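The values are calculated or read from the model by the stated rules, or taken from the named source; none is laboratory data. Since the structure is predicted, the reported quantities are computational estimates derived from the model, not experimental observations. A quick note on method: Cβ atoms are made from the backbone with ideal geometry, for glycine too, and the neighbour counts reach across all protein chains shown. Only protein heavy atoms, including side chains, enter the accessible area calculation; ligands, DNA and RNA are left aside. Shrake-Rupley method; radii C 1.70, N 1.55, O 1.52, S 1.80 Å.
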Amino acid sequence: MAESVLREKLKLLPDSSGVYIMFDRDGTVIYVGKARNLKNRVRQYFRNSPKPAKVQAMVECVRDFAYVVTPTEVDALALENTYIKKYKPKYNILLKDDKTYPYIKVHTKEAFPRLSVTRRLRKDGKYFGPFMGGVSCKEILDVAAKVYRVRLCGVSVGGKPKKPCLNYHLGRCLAPCAGECSKEEYAAQVEKAIAFLSGDYEEAERILKEKMAQFAEEEQFELALDYRNKIEMLSRLGQRRITAMPKNVDADIWALSSNGLYAVVSVLVTRGGTMRGSRNFALEEGAGEREEAMLSFLTQYYAAHEIPHELVLDEAIDDELLRVYAFRKTGRALAITRPKTGVKRELLNMAIGNAEEYLDKSVSAIEHKNDMTTGACARLQALLGLSKYPKRMECYDISNISGVDKVGSMVVFTDGEADKTQYRRFRIKTVEGADDFASLKEVLGRRLAKLGGEEEERFPKPDLVVIDGGKGQLSAVREIFEASGVTGIDLISLAKREEEIFTLSSSESVKLDRRDYALKVLQRIRDEAHRFAITYFRNLHSKRNLSSLLEEIGGIGGKKRAALLEKFGTIDRIMRAGEEELAQAEGVGKELAARIKRYFEEL
């Protein structure tokens, strides 16, 4: 967009709250921000005033912008998070690892509450956790079952009594489903289990020690050892108790450390006055102010995690905005504190120390990762003359043996990193025999059909498609794209033997140094497409029975199949057998044995 048009567009910005979206010359979203006042906030970027290097770099790439007006700034905060997750803009701080933690849930809505492990928090029970840092929810549930005999299964209770299961006979369940206990008796045990999950381990340790001593006396040493391990686990949990912290404190302690280019955010998670664990998040500094970056990060984090009753931090952020956001999600008030003294200040200092140490140790790793990902993509664009930065790369592979169980794979790299949520598998439907090109044509046809329709939001248009092969394969794939009418996608191929790269803009191949990260990212996506296709093929192939597998190897009739079955018995043994062993089966000579071995090696 011409600079004059951009200036005119800036004049039309409203005074409302909302989200603004910055685009580069290719129409790619490079930054998303929220604003209390769109006019004031967006205009700041284009004023001739000193800016941080990252902000200046982003502004120089902006060719257009769009905005969405929201009723309140809190709505803008939520919408900003949605857009960041959707577009993964280059200049935003991104929480790439949004792995959730496990919780133990007491299903209090049920007449006879059971316990289970979950990663999703809802308002339909009582939750304990998160459990992190090497603590096993399964072990904790095992203690609850052995000590309090509460049920862990999902069997319905009520109606005609059922036959008691093995857990009842092992003393791990009161068997309410079989009518072996009253509702009052079971409820009393559930209350004790809840106290245990809340951090009261004394009764559980006493009962476990009694049972350990009993099993040792009876010389059931394996069971005694199991109980000793559980006692040690409870001891480790007890050591996490923060003695000066009240038991009713549920807080996340946050710290941020930055060197101007990279940043680390560290969190200490405490629940019920007990330290649950810690996490460090390595980030590339975004183009926003520090306050904006921290608020954006917290919004992304709490979109996937439980919001505690309290946040402890040092950073200056918009407290009221975050409180309203949290209230909308949880229905309760959020306390935000910045302690100067006391145990919370000590924990905050610990979090700050964790962040600084992690940043110091991680800078070289972060830089290396950037070289291998976004840096490699930028080099590809420059070295191969691509029309745009290849933010989304797709690669396809076909796998079959003798035309059987033909499958195709599509893998996706975003900014040079595998994006496994976008991977897709295809079963070839229209191709007879082992025709890899016809199979690839079918796969690409089905993929390209999703562009321009309702499914494009789930399957965005790629910037670059990588083909495994040479110049001939690239030309053939180009014909598929031209026949479909799809444009605006760069196509390249990578020939495996010499690792030559072919493009549509030159008849000559491009050869890169084997150590070049640009070549390595192409090798990674090609190898990943092959691995993904082979895995799918093997999964399908393994479902076929032994006889049908052997039928696919030429020269094996009924008698030879029977001989192999008699000698080896199972498919696994046949697959692991050497050629000499295979040749010893009646009617199977060295030549056929070599063919059988080769067949299974190719699976």
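Worth a mention:
- Once the C-beta distance of Thr337 and Arg497 is scaled by a Förster radius of 51 Å, the resulting FRET efficiency is 0.20 to the nearest 0.05.
- Cα-based shape type of the chain, given that a ≥ b ≥ c are square roots of the gyration tensor eigenvalues and the cut on a/c is 1.5: oblate
- Taking packing as the residue-averaged number of other Cβ atoms within 10 angstrom, the listed peptides 381-392, 438-449 run from highest to lowest as 438-449, 381-392.
- The protection proxy used here, the mean number of other Cβ atoms lying within 10 Å of each residue, ranks peptides 312-321, 158-167 as follows, highest first: 312-321, 158-167.
- Listed by chain and number, the lysines placed with their C-alpha closer than 22 angstrom to that of Lys559 are Lys567, Lys590, Lys597; residues fewer than eight positions away on the same chain are left out.
- Just the protein heavy atoms count here, and of the accessible area of the chain at 1.4 Å, carbon and sulfur take up 49 percent.
- For Ala438 and Lys162, the FRET efficiency from 1/(1 + (r/R0)^6), where r spans their Cβ atoms and R0 equals 56 Å, is about 0.50.
- Cα gyration tensor category, rounded, prolate or oblate, for the stretch 66-221 with a/c compared to 1.5: prolate
- Spin-label pair Leu79/Lys329, simplified geometry with 7 Å Cα→Cβ offset, distance in nm: 1.9 nm
- Surface accessible to a 1.4 Å probe, per residue, for the residues of the chain, Å²: 50 Å²
- Chain lengthening between Arg446 and Glu591 when straightened (0.36 nm per residue, less Cα-Cα): 48.1 nm
- Label point of Leu565 set 7 angstrom out along Cα-Cβ; within the stretch 585-599, amide nitrogens under 15 Å from it belong to 586.
- The stretch 483-500 - phi-based ³J(HN,Hα) in whole Hz, Karplus 6.51/-1.76/1.60, Gly and Pro as x: 5, 7, x, 7, 10, x, 10, 6, 10, 9, 10, 10, 7, 5, 4, 9, 6, 7
- In terms of its alpha-carbon gyration tensor, the stretch 254-355 comes out oblate; a/c meets the 1.5 threshold, while b/c is at least as large as a/b.
- Share antiparallel - DSSP beta bridges, the chain, percent rounded to 5: 80 percent
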